[in-house]
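To keep things clear, I will list the structure first and then write my remarks on it.
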Amino acid sequence: MHGLTRFISGIDKFVAGMVTSFENTILPEILVRPFGYMLTYTEFLVDLLLILGLFTRFAATVGALVILALIVGSSLQAKWDTVATQMIYAVFFFLVIHFLENNRYSLDDLRGRKS
């Protein structure tokens, strides 16, 4: 659970590092700082919901949108190795959404819902 590790190591430290890493890009700090905080909570929530199989369609869609934003940010920094890793995550989210009807062992299925 990626978001959980940021809670443990300190959100402010993570966000400060994120702001520093975007200093030489076109993104201003006023956008990077709130995104860094939002990212920590969003990653934690998406991870938890996917593990539980609860609101899976919503969690996977939010996760895919977050990955898209991360790909854009990493591209602005020209961190192509990171972009490659994030593309693998994007494929994962696509597959989760595509095969959602096979989501049998989940809380969504227990609730009688597929989303």
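Here, each number is a calculation from the coordinates, and none is a lab measurement. What you see is a predicted model; the values in this text were computed from it and never measured. Note that each Cβ is placed from the backbone with ideal geometry, even for glycine, and that neighbours are counted across all protein chains shown.
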- Among GLU23, GLU43, what is the fewest-to-most ranking by other Cβ atoms within 10 Å? GLU23, GLU43
- Query: Most exposed first by the Cβ proxy, i.e. fewest other Cβ within 10 Å, how do SER74, SER9 rank?
  - Reply: SER9, SER74
- Message: Test of understanding: in a Gaussian network model of the chain with alpha carbons linked when under 10 Å, which of LEU31, LEU76, LEU50 would top the mean-square fluctuation ranking?
- Response: LEU31
- Item | Filtered trypsin sites (Lys or Arg not before Pro), the stretch 17-115: DSSP coil and at most 13 other beta carbons within 10 Å | ARG104, ARG111
